[in-house]
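Note sheet for the following structure.
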Amino acid sequence: MTYRQLNAAQLRVTITDIEPPIWRQLVVPLTWDLGMLHQVIQAAFNWWNYHMHEFRIGPLRFGPVAETNDPSAGLDEMSLDETSVRLLNFGQRPVPAFHYNL
């Protein structure tokens, strides 16, 4: 058996502050960017993409730049483009916690 490089990530997405816990287990390609991950999270929970969203990873914020950097949205902070980073950019271990905010 030969060693093959990892090509997918197994993620557990949990909605916080809800009892009993509501979660989904996802397996997604490591080549996906955060925008693609947003779409699969929406589908996994049967949501319809009605709200702005962002990913918080450590001190960084990622989102759909056209929306989150819109001055009329009233947001104080700037977000980085969610399509500019792929899951494989985070390495294998330790994987940082992602926070997905709607």
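Please treat every number below as a calculation from the coordinates, not as lab data. Every value quoted in this text rests on a predicted model; they were computed, and no experiment measured them. Every residue, glycine among them, receives a Cβ derived from its backbone with ideal geometry; neighbour counts consider all protein chains shown.
Here are some notes:
- Fully extending the segment from R86 to Q25, taken as 0.36 nm per residue of separation minus the present Cα-Cα distance, adds 20.1 nm.
- The phi torsions of the stretch 26-35, fed into the Karplus equation with coefficients 6.51, -1.76 and 1.60 and a -60° offset, translate into couplings of 10, 10, 10, x, 5, 7, 6, 8, 5, x Hz, rounded to whole numbers, with Gly and Pro shown as x.
- Calculated FRET efficiency for the pair Y50/R4, C-beta based, R₀ 30 Å, to 0.05: 0.15
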